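The values are calculated or read from the model by the stated rules, or taken from the named source; none is laboratory data. As the structure is a prediction and not an experimental result, all values here were calculated from the model. With ideal geometry, Cβ positions are generated from the backbone for all residues, glycine too; neighbour counts draw on all protein chains shown. The accessibility values were calculated without ligands, DNA or RNA, using every heavy atom of the protein model including side chains. Shrake-Rupley method; radii C 1.70, N 1.55, O 1.52, S 1.80 Å.
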Amino acid sequence: MSGPMLVFEPSGQRIYVSHATTVLDAARSLGLPIPTDCGGHGTCGKCRIKFQPAPFPTQRDLQHLSKDELAEGIRLACEHVIETDTRVVLPFPEEQAKILVWGSSKAAVQKLDKGLVGQLGVAIDLGTTTIVAYLMDLGTGSQIEQQAMLNPEVAYGEDIMTRMAYVMNAHEGGEELRQCVLRGIDVLLTRLISAAGVLPDTVSRISLVGNTAMHHLFLGLDIHGLSLAPYRPAMLKSLTKSSDEIGLKSVPKAQVYVAPNIEGFIGSDTVGLIVSQGLGSVKGTVMGIDIGTNAEIVLSVRGRLICCSAAAGPAFEGARIRLGMRGEEGAIEHVRINNPSEPAELSVIGQASPRGICGSAIVDIVAELLRTGLVDRTGRMRDSKRIVHEGGYGLCYIVAEPGESDAGRRIVFTQEDVRQVQLAKAAIATGAGVLMDECGVTSYDIDALLLAGAFGNYIRPESALAIGLLPAIPLDRIVPVGNAAGEGAKRFLLSLKERAVAETLSRSVKYVNLAAHPAFADRFLEATAIGQAGDGSNHSHVRIANHTSNP
Amino acid sequence: MTDLTDAMADLDEQKVLNIVNEQIRTNKPVQILDELRRGLDIVGNRFSKNEYFLVELVMSADIFKKAMAIVEPKLLATQRASAKGKVVIGTVQGDIHYIGKNLVVAFLKSNGFEVYDLGEDVPPEKFVDTLKKTGSSILALSGLITTTHDVMRTTIEALKTAGIRKKVKVMIGGGDIGEEIVKYTGADAFGRDALSAVELAKKFTAGTK
Ligand code: B12
Ligand code: FES
């Protein structure tokens, strides 16, 4: 073997690398997730890992890393190729990641398919960030095991567009990503099988839901149409194939059912949400929101379904937030400000000292800053005891000073972070508002608001209401439903009837294209105000939409 | 700083219009315009520093437009026609995001540029045609999604094919655009916000004169 050896800790995986392979590339080739927002361009500063020995820092390292970090040997993984044998330590062993696996379903599955006694199946929710798999008894419909992991494709970019750009530019990029996700799923399947102590051949069915982009990458479909306006998917309908044809190796006897998508940016995960929550047959008015990098919003008025996808951006997943991180050990998950000039009250995931801020705390912070007057409705921070100028970041709210709540370093929430939350919040609130308008209902009419997905499950609904992320409804109408997409996948696994329901519903849902909605831009701008619309916003009507014709 | 500049910077619409209405009788319209633009610059700066956000930016352009409606008729024909330069702008093909682009348009216009806004999802040929037709020497491309970096590149290549690349300065902006994307696409410069778009346009025109 030529080239130096690179060892990844804590897993101990090793690889010989050429002089052209960055550490990030090497990690990708092994399916090891290193966080990146920029996809390896050296602009996001998130791919920080520890090098032993540490190479000479690059310009970008200096830009993104503190003196202490540099001294510790932390460097950006996308910036370095190695010249001598090197050991690198990946920051977050994924076992510590807090991945949402529970979910609640409406009424029980209509009917289990007959003749499957003794057979097993696996329901998979293939998310952009995480993959969750449930091992089910096909005869009884009960769950035996569950497993979750970060989607290894994360190494190719946090959001789907960055991944798609990779696929289009890299030689055989599509195949590389397909293999990457297949490897990940095989790992999960193997874990499920061994945890349950069953034979691989007893797994006879797999069902899979995911957003349209994940679906396309999983099947190795052409993503050119999906990656640029008008964002046409290559395939919407469902598909059933053998595990061999799909390329899964761990369960040779399984038939894989891939659920249908609704639109380019509304995938079968949303179909899973609709079916598992019985949205096709509700009596009143129910809204379901799955907040991720894209928020899929579904509104059902007496079973009539309408949906949209609001491009919130990854702020609530901790990306684009200066000290944002996923909900892992060491992430601050909730924040309360009792006295604006005193340290805030923090709760942190795991037994660790706080390292960063995850989505639920991000919403808390903005809500608390607003409530205590440290930020006004336009989102501007006010100078005060705990709001200071820090380096190149402008005003920052000090969430914790070193020593407070056991923090090892100063943890800040910047003015720019507030702006990112405003953009994300505005996209979701406007999407929800447009759907309500289309159906002629107001927030008063909403009987229940179902929050699906990890973020929806961990946020404090009070905070989400306070910043105006959700429509103004009474707190007790907000119901976290957990991994509703996964619940849907279970139904599709157990029952062909439910698959038929999915087919029909996925065709009958009305899709609203926000990009083509004439009032979207104006409403979006107004919705950037923090708080609920109509709370006495100080800026009445702003106009930016294409109302006027060009010269 | 004058009261007018102050009022403009603080987005006090009533005050701006009052002062303009009053001064238009005695002062030179060019000077009023200048004070307004200085106020706008401050708005842009505050936005860059994150003190102002999108709504404030839109409001400022709006107030400026109203003030211009009063000042414009008093400007001499020569002053009116002396646009700083012509800019063709649009969101590139494959992308539908136009909010940021529209802000850039508003700021360019307020700063005296003649702007040809082609909207969003604009194919390369349309940029080329408009550049030729208007004789503009500045092209501003907006794109927010990663996949449009390639489209920017194709668009700029289309200028080369049409033989007008040398006559046109190209700036790009939106999303995660930085120096390497400038290199990748073959553009001349990038800007992070509406104010830097104006600064670039000024620099470009100064260079060609
Ligand atoms: C609003 C929004 C939308 C609106 C667009 C409304 C409209 N017509 O413009 C809607 C909801 C329709 C939308 C749709 C999509 N969006 Co969108 N959207 C956003 C959002 C929330 C804010 C963008 C925005 O308007 N910012 C405010 C403006 C003022 O900022 P700006 O555009 O950057 O402009 C400033 C500067 O960049 C600069 N500038 C801009 N242009 C230029 C040009 C020049 C020459 C210069 C010098 C400067 C300059 O000046 C401006 C003012 O300072 C972002 C997320 C985020 N948090 O940023 C996602 C985002 C941009 N969208 C994204 C995507 C992918 C989409 C979709 C294509 C897919 C999807 N669903 O996610 C869809 C389209 C599909 C469809 N059919 O709906 C992604 C891009 C990700 C990536 N890495 O590529 C983002 C980041 C969210 C995400 N999912 O991660 N989106
Ligand atoms: S800096 Fe973004 S991946 Fe390295």
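Near A:Pro57, within a Cβ-to-Cβ distance under 12 Å, what is the net charge of the other residues, with Lys and Arg +1 and Asp and Glu -1?
Details: positive: A:Arg48, A:Arg60, A:Lys67, A:Arg75; negative: A:Asp61, A:Glu69, A:Glu72, A:Glu79.
Here the charged neighbours net out to 0.
For region A:191-302, give the share of DSSP beta bridges that are antiparallel, in percent and rounded to the nearest 5; count only bridges with both residues there. The partial results should precede the final answer.
Numbers: 12 of 16 bridges.
That works out to approximately 75 percent antiparallel.
Starting from the Cα gyration tensor of region B:3-80, multiply each eigenvalue by 5, take the square root, and state the resulting semi-axes largest first in whole Å. Walk me through the intermediate numbers first.
Details: eigenvalues 102, 28, 21 Å².
Three semi-axes, in Å: 23, 12, 10.
Anything over 21 Å Cα to Cα? Flag those among B:Lys49/B:Lys86; B:Lys86/B:Lys126; B:Lys166/B:Lys202; B:Lys86/B:Lys166; B:Lys86/B:Lys160, in the order listed. List each step's numbers first, then the result.
Values: B:Lys49/B:Lys86 28 Å; B:Lys86/B:Lys126 16 Å; B:Lys166/B:Lys202 18 Å; B:Lys86/B:Lys166 16 Å; B:Lys86/B:Lys160 19 Å.
Cα-Cα > 21 Å for B:Lys49/B:Lys86; rest within.
Ordered by packing density, taken as the mean number of other Cβ atoms within 10 Å over each peptide's residues, highest first, how do A:27-40, B:123-136, A:146-159 rank? It would help to have the intermediate numbers written out before the result.
Numbers: A:27-40: 21.4, B:123-136: 17.5, A:146-159: 23.4.
Packing proxy ranking, top to bottom: A:146-159, A:27-40, B:123-136.
So which cysteines of chain A have no other cysteine's Cβ under 4.7 Å from theirs?
A:Cys47, A:Cys78, A:Cys180, A:Cys307, A:Cys308, A:Cys358, A:Cys396, A:Cys439
Enumerate the whole-percent occupancy of each 10 Å bin, from 0 to the last occupied one, for all C-alpha pair distances of region A:5-91.
Answer for region A:5-91: a P(r) of 19, 58, 22, 0 percent.
Given all pairs of different Cα atoms, what value in angstroms does the Kirkwood hydrodynamic radius of region A:114-230 take?
Details: mean 1/r = 0.0663 Å⁻¹.
When all Cα pairs of region A:114-230 are included, the Kirkwood radius is 15.1 Å.
Ranked highest first by the average count of other Cβ atoms within 10 Å around their residues, in what order do A:163-175, A:487-499 fall? Display every interim value, and only then the final one.
Numbers: A:163-175: 17.5, A:487-499: 24.2.
Descending mean neighbour count gives A:487-499, A:163-175.
Taking each residue in B:142-152, count the Cβ atoms of any other chain within 10 Å of its Cβ, then average. What number comes out?
On the way: counts 0, 0, 3, 11, 14, 14, 5, 2, 5, 2, 0.
Taking the mean over all residues of the peptide, I get 5.
For every other residue with a beta carbon closer than 12 angstrom to the beta carbon of A:Arg232, add +1 if it is Lys or Arg and -1 if Asp or Glu, then tell me the sum. Walk me through the intermediate numbers first.
Working: positive: none; negative: A:Asp222, A:Glu263.
Spelling it out: positives minus negatives among the neighbours equals -2.
For B:Lys84, give me every one of the aspartates and glutamates with a C-alpha distance below 15 angstrom, ignoring sequence neighbours fewer than eight places off in its own chain.
B:Asp34, B:Glu114, B:Glu199
What is the list of residues in region A:281-312 whose amide nitrogen lies under 20 Å from a point 7 angstrom out from the Cα of A:Ser104, following Cα to Cβ?
A:281-291, A:298-300
In terms of Cα to Cα distance under 28 Å, which lysines are near enough to A:Lys50, apart from those fewer than 8 places away along the same chain?
A:Lys67, A:Lys98
For chain B, what are the DSSP H helices with axial Cα length of 24 Å or more and mean Kyte-Doolittle hydropathy of at least -0.5? Could you put the intermediate results ahead of the total?
On the way: long enough: B:29-48 (28 Å, -0.13); B:54-71 (26 Å, 1.42).
Helix filter hits for chain B: B:29-48, B:54-71.
Please calculate how many Å² of accessible area region A:169-257 carries per residue, with a 1.4 Å probe and no DNA, RNA or ligand atoms counted. Walk me through the numbers before you get to the answer.
Working: 3730 Å² over 89 residues.
Accessible area per residue: 42 Å².
So which aspartates and glutamates pass the test for A:Lys385, namely a Cα distance under 12 Å, with those fewer than 8 places away in the same chain ruled out?
Counting by Cα, and skipping residues close in sequence, A:Lys385 has these aspartates and glutamates nearby: A:Glu342.
For the pair B and A, how large is the buried accessible area, both sides, in square angstrom to the nearest 100, if the probe is 1.4 Å?
Numbers: alone 10720 and 22550 Å², together 30380 Å².
Counting protein atoms only, the buried area is about 2900 Å².
Which value does Rg/Rh take for region B:83-205 over its C-alpha atoms, Rh per Kirkwood? Intermediate results must be reported in sequence, preceding the final value.
Working: Rg = 12.4 Å, Rh = 13.7 Å.
A ratio of 0.91.
Would you tell me the mean number of C-beta atoms belonging to other protein chains that fall within 10 Å of each C-beta in A:224-231, as a whole number?
Working: counts 1, 0, 1, 6, 11, 13, 3, 3.
The shielding value for this peptide is 5.
In the structure shown, do any of A:Lys114/A:Lys490; A:Lys253/A:Lys510; A:Lys111/A:Lys253 have a Cα-Cα gap over 26 Å, and if so which? The partial results should precede the final answer.
On the way: A:Lys114/A:Lys490 16 Å; A:Lys253/A:Lys510 37 Å; A:Lys111/A:Lys253 23 Å.
Listed pairs above 26 Å: A:Lys253/A:Lys510.
Probe radius 1.4 Å, ligands and nucleic acids ignored: give me the carbon and sulfur share of the accessible area of the protein assembly as shown as a rounded percent.
Working: 15680 of 30380 Å².
Answer for the protein assembly as shown is 52 percent, counting heavy atoms of protein chains only.
Quick check on the protein assembly as shown: of the DSSP beta bridges with both residues there, what percent are antiparallel, nearest 5%?
Details: 58 of 105 bridges.
Roughly 55 percent of the DSSP beta bridges within the protein assembly as shown come out antiparallel.
Any idea how far the Cα center of region A:356-394 sits from the one of region B:66-145, in Å?
Centre-to-centre (Cα) distance: 36 Å.
Hey, what's region B:83-205 come to in accessible area per residue, 1.4 Å probe, Å²?
Values: 4580 Å² over 123 residues.
Per-residue value: 37 Å².
Rounded, prolate or oblate: which one fits chain A, using the alpha carbon gyration tensor with axes a ≥ b ≥ c (rounded when a/c is under 1.5, else prolate when a/b beats b/c, else oblate)?
On the way: a/c = 1.60, a/b = 1.05, b/c = 1.53.
Verdict is oblate for chain A.
I need to check one value: relative contact order of region B:134-200, counting alpha carbon pairs closer than 8 Å and at least 6 residues apart, in percent. Provide the component values of the computation, followed by the final result.
Numbers: 90 pairs, mean separation 23.2, N = 67.
Normalised by residue count, the contact order of region B:134-200 is 35 percent.
Rounded to the nearest 500, what is the 222 nm mean residue ellipticity of chain A from helices alone, with -39500 (n - 2.57) per DSSP H run of 4+ residues and division by all residues?
Using -39500 (n - 2.57) per qualifying helix, the result is -8500 deg cm²/dmol.
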